[in-house]
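Only the coordinates and a few stated rules stand behind these numbers; no lab work does. Small disclaimer: the values here were computed from a predicted structure and weren't measured. In this analysis, Cβ positions are derived from the backbone assuming ideal geometry, glycine residues included, and neighbour counts consider all displayed protein chains.
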Amino acid sequence: MSVPTRNWARNQRCIPTAVHQPSSTDEVVQIVKTAAAAGERVKVIASGHSFTDTAMTDGHLLSLDRMDRVVGVGGPDGFDVRVQAGIRLHVLNEQLAQRGLALPNLGDIDRQSIAGATSTATHGTGAALGNIATRIVGLQLVAADGTVHVADEEHDPELLRVARVSLGALGVITELTLRCVPAFNLRAVETIEPLVDVIGDFRNLMHETDHVEFYWMPGARRCQVKRNTRTDLPAEPQSRAAYIKDKWIGENLAFGAVCRVGRRFPSLAPKVAKLVMSAASERDLIDRSDKVFCSPRKVRFLEMEYGVPLDAVPDAIGRIQSLVSTLPVKPMFPIEVRASAPDDIPLSTGFGRASGWIAVHQYVGVPYESYFQGVESIMNDYGGRPHWGKLHFQTAATLAHRYPEWDTFQTWRAKLDPSGTFANAYLDRVLGPVRS
Ligand SMILES: Cc1cc2nc3c(=O)[nH]c(=O)nc-3n(C[C@H](O)[C@H](O)[C@H](O)COP(=O)(O)OP(=O)(O)OC[C@H]3O[C@@H](n4cnc5c(N)ncnc54)[C@H](O)[C@@H]3O)c2cc1C
């Protein structure tokens with residue numbers, strides 16, 4: 001197993017002084033203690049699926065790929081699953097299914113590690129459901145002095161509350177306990193609908209079904225709406241052939257091919273965008289929840305995603321439409337819109353508010369800066385919070401007032417990592433220096 005030194009999108013890379021693959025919490029403690037004593041920095045990289053440089057370092061780079069086991073199952077209802085922090089979501093989902101359990105919500109992919117996903121507040125869609133980190137009911141964390149902190153609802157609940165979303169700034173998480181739910185199937189219905197209807201009834205749309213999202217190409221009058229509803233009916237998945245046609249050929253191979261044409265001939269980008277949207281198909285199937293939530297993503301892209309108050313989404317979409325009409329290079333990827341419930345995690349992008357999520361993408365190698373910067377300045381007007389793992393141009397100075405419990409987090413950071421052992425260039429930018 002090699003430790004990645006660049007991310008999935010290949011827009012971030014680093015040259016660490018040393019790489020480590022510990023297989024136990026004790027080994028993590030030794031690595032952290034030795035590095036801290038030498039005044040050197042430490043960072044964990046999980047599956048490198050962040051678009052930002054959040055997992056990059058010129059110090060010691062740790063991979064917890066060897067710490068990837070389910071440790072035990074317990075809790076009041078037998079739904080609490082303790083796992084080592086390096087377990088990948090697709091492995092975890094399979095292990096949960098074997099035990100008749102599942103996570104209630106997931107994002108688009110399952111390649112991340114559980115600690116990597118939760119550390120940046122990775123979310124799916126569902127107006128009544130928080131991000132994945134909200135399912136954490138216990139954790140084990142190695143602080144900069146090598147102390148192993150164990151936090152759960154009874155012991156150190158405040159550390160638990162804060163450390164669920166920490167960008168790796170508080171220490172190395174070695175174990176997590178997740179409150180799961182009984183395994184369930186989802187009925188997935190995908191339709192093409194007029195944007196004006198979707199936006200006109202946005203709040204209801206987001207609340208009427210367990211999980212709703214829509215994809216819209218700026219300029220298009222119609223969009224693709226995906227509604228996933230919990231069902232007790234047995235699975236009726238697509239045939240293998242239909243899955244390969246939709247997910248591998250349609251969403252990856254063919255999509256990648258037309259994006260390459262658009263990158264080579266930018267004037268064709270609007271035509272490419274139309275083609276991509278016209279290829280979106282309608283589907284209706286029932287399958288195991290994680291198989292519905294997650295899809296393969298082989299076409300590499302860059303992404304920025306903002307959380308804004310749910311009711312701001314229709315207005316923001318209208319403004320993005322106007323922005324895109326002025327851009328010299330048009331996006332070839334649709335905008336993705338989702339929703340999530342409020343939570344109480346100080347650094348969570350969902351802290352204290354029902355969020356609407358607006359994600360913009362651009363194919364790798366195509367200029368994205370003016371598009372993303374333009375969208376970001378629109379999001380600023382709604383107090384938008386950028387996804388910590390996706391591209392943005394904010395700094396600690398512009399972010400602090402968007403997080404009512406910013407100081408709570410910074411106090412814990414100063415306590416657990418007073419010398420900035422877990423800092424890197426990204427944390428220097430978005431969190432600033434550790435407070436003395
Ligand atoms: C194709 C694609 C699809 C995506 N879909 C979604 C989506 O649907 N929803 C969504 O919200 N996001 C999505 N993302 C973003 C992604 O979920 C996040 O960026 C996530 O953090 C990546 O997880 P990772 O395991 O790759 O972690 P990395 O990117 O490797 O690391 C993320 C952060 O976690 C820290 N970290 C990792 N492990 C530990 C640990 N054990 N202790 C302390 N710190 C740790 C790292 O240091 C870093 O700061 C997507 C990304 C891609 C590339």
Quick check: net charge around PRO76, other residues with Cβ under 13 Å of its Cβ, Lys/Arg +1 and Asp/Glu -1? -4
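Just how many % of Cα pairs in the stretch 92-139 lie over 12 Å apart, if you round to the nearest whole percent? All intermediate terms of the calculation are to be shown ahead of the outcome.
Values: 719 of 1128 pairs.
I get 64 percent for the Cα pairs in the stretch 92-139 exceeding 12 Å.
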Diffing the stretch 118-130: the Karplus 3J(HN,Hα) column from phi (6.51, -1.76, 1.60, θ = phi - 60°), in whole Hz with x for Gly and Pro, holds 6, 4, 10, 6, 4, 9, x, 10, x, 4, 9, 10, x
Which of HIS20, SER239, GLY107 sits farthest toward the positive end of the charge dipole of the chain, with +1 on the Cβ of Lys and Arg and -1 on the Cβ of Asp and Glu? SER239
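Per residue, how much space in cubic angstrom lies within the convex hull of the C-alpha atoms of the stretch 270-407?
Numbers: hull volume 19.1 nm³, N = 138.
Residue-normalised Cα hull volume stands at 138 Å³.
Among THR125, THR17, THR209, which comes first, then next, by fewest other beta-carbon atoms within 10 Å? The partial results should precede the final answer.
Values: THR125 26, THR17 13, THR209 18.
Exposure proxy ranking, most exposed first: THR17, THR209, THR125.
If we count every other residue with Cβ under 12 angstrom of ILE45's Cβ, Lys/Arg +1 and Asp/Glu -1, where does the sum land? Write down the numbers at each step before the final one.
Working: positive: ARG6, ARG13, LYS43; negative: ASP53, ASP65.
Charge balance in the 12 Å sphere: +1.
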With SER419 itself left out, Lys, Arg at +1 and Asp, Glu at -1 over residues whose Cβ is under 10 Å from its Cβ give -1
Please report, in cubic angstrom per residue, the volume enclosed by the convex hull of the alpha-carbon atoms of the stretch 75-169. 109 Å³
Long-range amide H partners of GLU175 with built H, under 5 Å: ALA85, GLN140
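Restricting to DSSP loop positions (anything but H, G, I, E, B) with no more than 13 other Cβ atoms inside 10 Å of their own Cβ, which trypsin sites (Lys or Arg not before Pro) remain in the stretch 1-36? The partial results should precede the final answer.
Details: sites: ARG6, ARG10, ARG13, LYS33; in loops: ARG10.
Those satisfying the criteria are ARG10.
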Over the chain, how many percent of alpha carbon pairs lie in each 20 Å bin up to the one with the longest distance? 26, 59, 15, 0
Taking H as built 1.01 Å from N, whose amide H comes closer than 5 Å to the amide H of ILE109, not counting residues under 5 places away? SER295
The helix 25-37 Cα axis meets the longest alpha-carbon principal axis of the chain at an angle in degrees, between 0 and 90 and rounded to 10, of 80 degrees
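At a threshold of 8 angstrom on Cα-Cα distance, excluding pairs fewer than six apart, so keeping six or more, what relative contact order does the stretch 116-249 reach in percent?
About 23 percent, as a whole number.
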Report, for the chain, the % of DSSP beta bridges that are antiparallel, rounded to 5. 90 percent
For the stretch 326-341, Karplus-derived ³J(HN,Hα) couplings (6.51, -1.76, 1.60; θ = phi - 60°; whole Hz; x for glycine and proline) come out as 9, 7, x, 10, 7, x, 9, 9, x, 7, 10, 10, 9, 9, 8, 7
Which of ILE199, ILE317 has the fewest Cβ neighbours within 10 Å, and the rest in rising order: ILE199, ILE317
Label the stretch 1-76 by shape, choosing from rounded, prolate and oblate, from the square roots a ≥ b ≥ c of the eigenvalues of the Cα gyration tensor; if a/c is under 1.5 it is rounded, and otherwise prolate applies when a/b is larger than b/c, oblate when it is not. oblate
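Tell me, which longest segment in the chain has none of the GluC sites (Glu not before Pro) that fall in DSSP loops with at most 16 further Cβ atoms within 10 Å?
Numbers: sites that count: GLU40, GLU153, GLU154, GLU282.
That gives 283-436 as the longest site-free run.
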For each pair in LYS291/LYS330; LYS33/LYS415; LYS43/LYS415, compute the distance between the two Cα atoms and list the pairs where it is over 24 Å. LYS291/LYS330
To make sure I understand, if each residue's beta carbon is the centre and we count other beta carbons within 10 Å, what order do HIS155, HIS123 fall in, fewest to most? HIS155, HIS123
Calculated FRET value between LEU233 and ALA38, using beta carbons and R₀ = 60 Å, to 0.05: 0.55
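Run the numbers on the chain and let me know its relative contact order in percent, using alpha-carbon pairs under 8 Å that are six or more apart. Intermediate results must be reported in sequence, preceding the final value.
Working: 967 pairs, mean separation 79.4, N = 436.
This gives 18 percent for the chain.
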For the stretch 13-150, alpha-carbon Rg over 2.2 N^0.38 Å: 1.10
